[in-house]
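The structure under discussion appears below in the form of structure tokens.
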Amino acid sequence: MHWSRKLISRLLRYAIVISTLLMLWKSLILATNCSQPILVVLSGGYSFHNLGDLLFVTNYPADSIRAGDVVVFRIEGRFIPIVHRVIRVHEREDGYVKFLTKGDGNSVDDRGLYSVGQLWLEREQIVGKVKGYFPYLGLFIILLSNLPLLDRLLLRVVT
Amino acid sequence: MHSFLSRANTLFAFTITVLAVLTTGVFVSTFFEEYRGTVSIGAVRPIVKHMTDFSANRKKNDLGVLQLTLDMDLNPLFDWNVKQLFLYLVAEYVTPANTLNQVVLWDKIVRRGEEARLSFHEIATKYYFWDDGEHLRSNNVTLSLNWNIISNAGRLMHVRANGSTSFVFPDQYITSRTASPKPSGQQ
């Protein structure tokens, strides 16, 4: 076979693998209604999250967020999402709801982490609720994510 | 073919596979478990103060103060897939401003192996009971204890215990500073 044909054939095989993985990831995003359905824990600061754990996150609108839920949220202008627990919920009759969060190991709430002047979290800033958890599998993913292309395709990391 | 590295590689891959299958098995084996239980909660001497909330909007909001009496036996909840329990006590109430309010007043982490038969007598709430507004007087508040099952692998479940209790705040503010003890916890 001509060398260019072999090369193209090989490239196409890689492209199929990568695009399949990408489509699986996008389908997961659709199925969970969440922009980050799987998160890898990068730091061991939180009470039960150790380095390398995988968190499964969903964001169904009918699944209301209540006190005690562990949520993933992102502050305006910050890239890294935070995984903390909701400690206060105030919902108005018109449906507008606001939340206050706090890390389990912290003695103060997260107001110091929010934007300047922001006292409450709004629904749009919450990426989803943590529904499940698989230990240590993320360590393998962290190793994999050192390849730059895979890092962008597969997973985001969380502090 | 039989070099040290290739053997080590095979062994490593096999170990990882076995661990993954075991972990999934642990997850599946407790998937349908409900983790229900009953506790007894008492709200002691609830009062309402009207003070400036410096941690929030710096306006005057209602601050509820009460002591808690809790009794629970959590031993039946610990199975092989429960690493720790995160207990939290939620006060839920309705005000004219907000149709739903939930405030966590107290929480505790109970790890597997620690004392799981807990009894607290008239302890202060761990967190301040601020209302988003000034509607705590004469308000009927429901206290319920919940636990978050933190497993070795699997679903992160939140279960509300049987045995929630309700109380009503008095209809007058307390203005004397010596009327009740300050809650411990956050500033």
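Nothing in this text is a laboratory measurement; each read-out follows from the coordinates by a stated rule. Please read all numbers here as calculations on a predicted model, not as lab measurements. FYI the Cβ positions are ideal-geometry reconstructions off the backbone, even for glycines, and counts take in every protein chain you see.
Worth a mention:
- B:Thr24 paired with A:Thr20, simple spin-label distance in nm, labels 7 Å along Cα-to-beta-carbon: 1.7 nm
- Global geometry of the range B:34-182, whether rounded, prolate or oblate, following the gyration tensor of its Cα atoms and the 1.5 cut on a/c: prolate
- Rounded, prolate or oblate (a/c below 1.5 giving rounded, otherwise prolate when a/b exceeds b/c) for the range B:20-84 by Cα gyration tensor: oblate
- Charged-residue dipole, Cβ positions (Lys, Arg, Asp, Glu), the protein assembly as shown about Cα centre, Debye nearest 20: 1260 debye
- On Cα atoms only, tilt of A:3-32 relative to the major axis of chain A in degrees: 20 degrees
- Note on the protein assembly as shown: the alpha carbon radius of gyration divided by the globular reference 2.2 N^0.38 Å gives 1.19.
- Every helix of 4 or more DSSP H residues in the protein assembly as shown counts as -39500 (n - 2.57), and over all residues that averages to -7000 deg cm²/dmol at 222 nm.
- Our coupling estimate for the range B:119-126, obtained by passing each phi through the Karplus curve with A = 6.51, B = -1.76, C = 1.60 and θ = phi - 60°, is 9, 10, 10, 6, 8, 6, 5, 7 Hz, Gly and Pro reported as x.
- Working from Cα pairs under 8 Å separated by at least six residues, relative contact order for chain B is 27 percent.
- Cβ-based net charge around A:His84, under 11 Å, with every Lys or Arg adding one and every Asp or Glu removing one: -2
- Cα long-axis angle, helix B:4-29 against chain B (0 to 90 degrees, to the nearest 10): 40 degrees
- Cα-based equivalent ellipsoid, the range A:35-148: semi-axes from gyration tensor eigenvalues, Å: 25, 15, 14
- Going from the fewest other Cβ atoms within 10 Å to the most, the residues A:Tyr114, A:Tyr136, B:Tyr127 appear in the order A:Tyr136, A:Tyr114, B:Tyr127.
- Test item: Cα-centred dipole of the range B:83-171, Lys/Arg +1 and Asp/Glu -1 on Cβ, debye: 600 debye
- Rounded to the nearest whole Hz, the Karplus-based 3J(HN,Hα) values (6.51 cos²θ - 1.76 cosθ + 1.60, θ = phi - 60°) of the range B:90-96 follow the sequence 10, 9, 10, 7, 10, 10, x, with x at glycine and proline.
- Derived scalar couplings ³J(HN,Hα) [the range B:158-169; Karplus, 6.51 cos²θ - 1.76 cosθ + 1.60; whole Hz; x for Gly, Pro]: 10, 10, 8, 6, 6, x, 7, 9, 10, 8, 10, 6
- Subset of A:Lys129/B:Lys60; A:Lys26/A:Lys98; A:Lys98/B:Lys59; B:Lys49/B:Lys126; A:Lys129/B:Lys49; B:Lys59/B:Lys108 violating a 25 Å alpha-carbon distance limit: A:Lys129/B:Lys60; A:Lys26/A:Lys98; A:Lys129/B:Lys49; B:Lys59/B:Lys108
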